[in-house]
1. Pairs under 9 Å by beta carbon, first residue within 30 Å of Y56 (Cα to Cα) and assigned to a helix (DSSP H, G or I) in the range 67-95, partner modelled with pLDDT under 90 and of a type outside the set (K, R), six or more apart or different chains?
2. Checking the condition touching a residue at least 12 places away in the same chain (Cβ under 8 Å) and either of a type in the set (D, E, K, R) or near the ligand (Cβ under 9 Å from one of its atoms) (or both), which residue from Y56, Y40, Y18, Y61 passes?
Amino acid sequence: MDLKDIPHSAGKTFLEKYAGGGSLSARQSIIAKCCDCMGYHVDGRIDCKLNRCPLYPFMPYREGEKMKRKGPRVLSEDHKKKLVEGRRKKGQVRG
Ligand code: SF4
C-alpha cells in the first residue's frame, strides 16, 4: 500500500515524515508504529487491546485510562550539578 492511499491520521503524518528522512520523537515513533501495526488504521482508529505489547501503555487510541505525563521534574541543586558535570564530560556542555 502506498502512503498516499492511507487514511489521514497522526500515525500517517509521522510515517510520511520518517519516510522522507525526518526524525521522530519517541512519542511520534510509537504513534507511527501503532499506525503501521494496525494496518494504517484503514478500519478506523481503534484500540488494539494487546496489553502484552510494551507499547500498549502509549497506544494513541487506547481506551480506558491513558498514561499521564507526570508533573514537571523537580531536581535538587545537587542533582543539577551532577547532570551538568555528566554532560560536560561527554562534551555536551561548554565551559
Ligand atoms: S500497542 Fe498495539 S498497535 Fe501499538 S505496536 Fe503494540 S500491538 Fe501494535
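The values are calculated or read from the model by the stated rules, or taken from the named source; none is laboratory data. Computed from a predicted model, the values in this text were never measured in an experiment. Cβ atoms come from the backbone with ideal geometry, glycine included; neighbour counts cover every protein chain shown.
1. Taking only residues 6 or more apart or on different chains, not a single pair turns up.
2. That would be Y61, the only listed residue that is touching a residue at least 12 places away in the same chain (Cβ under 8 Å) and either of a type in the set (D, E, K, R) or near the ligand (Cβ under 9 Å from one of its atoms) (or both).
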